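So the structure is just underneath, and the comments pick up after that.
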Amino acid sequence: MQLARVLGTVVATVKSESLEGRKLLVIQPLDGSLNNKGQPMVAIDSVGAGKGEVVFWCRGREASFPFLPSEVPSDCTIVGIVDSVFLDSRFTVSHS
Amino acid sequence: MILARVVGNVVATQKDHRYEGGRIMVVRPINPDGTDAGDELLALDAVDAGAGDTVVVVREGWSASTTSTGSPGAAIDSAIIGVVDTVEGEA
């Protein structure tokens with residue numbers, strides 16, 4: 001899993017039927033210090049995340065598991081909203 | 001699997017139910033000599049690792065899910081599956 005910040009929402013009217021009702025978000029992957037790392041990407045939300053929040057996401061085949069028994073096509077799914085990150089005994093972020 | 005050092009942890013109230021009771025650790029990949037080797041990722045702890053520990057992290061879903069939650073099928077792609085005592089060898 002990796003940390004990311006939610007940048008915004010993706011609206012797609014024409015999409016796979018299996019994506020109906022799912023929320024697509026644009027996220028910016030972050031390192032442990034919450035610095036941007038890599039390119040923004042599209043993620044499906046499974047926990048009610050919103051713009052500006054720090055989240056963590058799961059990659060690969062496992063990204064579709066939160067929606068079972070629905071078979072949702074995803075290789076990047078937000079699986080948690082971060083309250084705080086403790087790094088090197090340092091308090092990095094508090095998010096509410 | 002990769003070698004990594006545990007550098008912190010994440011607290012999240014709202015999360016996928018399969019993460020309940022698990023410890024979400026921040027790990028930094030390292031080289032065999034202990035130098036940093038990339039950006040941090042999150043891994044679920046399966047072996048009671050602690051901050052500062054050198055660990056083995058598996059980055060594959062079935063293995064990560066099974067070791068950290070006891071059963072497969074969770075949205076978990078990485079888990080700490082060993083605490084390293086020593087690494088020996090030559091570069």
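Rule-based calculations on the coordinates, nothing more; no lab input. In this text the structure is predicted, and so the values were computed from the model without any measurement. Quick reminder, even Gly has a Cβ in these numbers, built from the backbone with ideal geometry, and neighbours come from all protein chains shown.
For this structure, a couple of remarks:
- Criterion: among the hydrophobic types (A, V, I, L, M, F, W, C) and more than 19 Å from residue A:76 (Cα to Cα) - qualifying residue of B:24, B:80, B:76: B:80
- Whichever residue in the stretch B:67-86 is in a loop (DSSP other than H, G, I, E, B) and out of contact with any strand residue (DSSP E or B) (no Cβ under 7 Å at 6 or more places or on another chain) and, among such residues, is nearest to residue B:33 (Cα to Cα): B:86
- Test for residue A:33: is it over 16 Å from the mean Cα position of the chain (by Cα), within 9 Å of chain B (Cβ to nearest Cβ) and either within 20 Å of residue B:42 (Cβ to Cβ) or not aromatic (Phe, Trp, Tyr) (or both): yes
- If the condition is being surrounded by 14 or more Cβ atoms within 10 Å (Cβ to Cβ) and within 15 Å of residue B:3 (Cβ to Cβ), then the stretch B:67-91 contributes B:78, B:79, B:80, B:81, B:82, B:83, B:84.
- Some residue of the stretch A:73-80 being surrounded by fewer than 20 Cβ atoms within 10 Å (Cβ to Cβ) and either within 27 Å of residue B:54 (Cα to Cα) or at the interface with chain B (Cβ under 9 Å from one of its Cβ atoms) (or both): no
- For the stretch B:1-34, the candidate set comprises residues that are without any contact (Cβ under 8 Å) to a residue 24 or more places away in the chain and crowded, with 19+ Cβ neighbours inside 10 Å; within that set, the residue that is farthest from residue B:89 (Cα to Cα) is B:15.
- First in the stretch A:51-69 and touching a residue at least 40 places away in the same chain (Cβ under 8 Å) and facing chain B (nearest Cβ under 7 Å), second anywhere and of a type outside the set (D, E, K, R) and in a loop (DSSP other than H, G, I, E, B), Cβ under 6 Å, 6 or more apart: A:56/A:1; A:58/A:1; A:58/B:75
- A single entry from B:49, B:64 fulfils the requirement of being surrounded by 22 or more Cβ atoms within 10 Å (Cβ to Cβ), assigned to a loop (DSSP other than H, G, I, E, B) and either touching a Lys or Arg at 6+ places or on another chain (Cβ under 7 Å) or in contact (Cβ under 8 Å) with a residue 12 or more places away in the chain (or both): B:49.
- Condition met for residue A:27 (touching a Lys or Arg at 6+ places or on another chain (Cβ under 8 Å), surrounded by 14 or more Cβ atoms within 10 Å (Cβ to Cβ) and away from chain B (no Cβ under 13 Å)): yes
- Meets criteria (surrounded by fewer than 16 Cβ atoms within 10 Å (Cβ to Cβ), at the interface with chain B (Cβ under 8 Å from one of its Cβ atoms) and assigned to a loop (DSSP other than H, G, I, E, B)) for residue A:38: no
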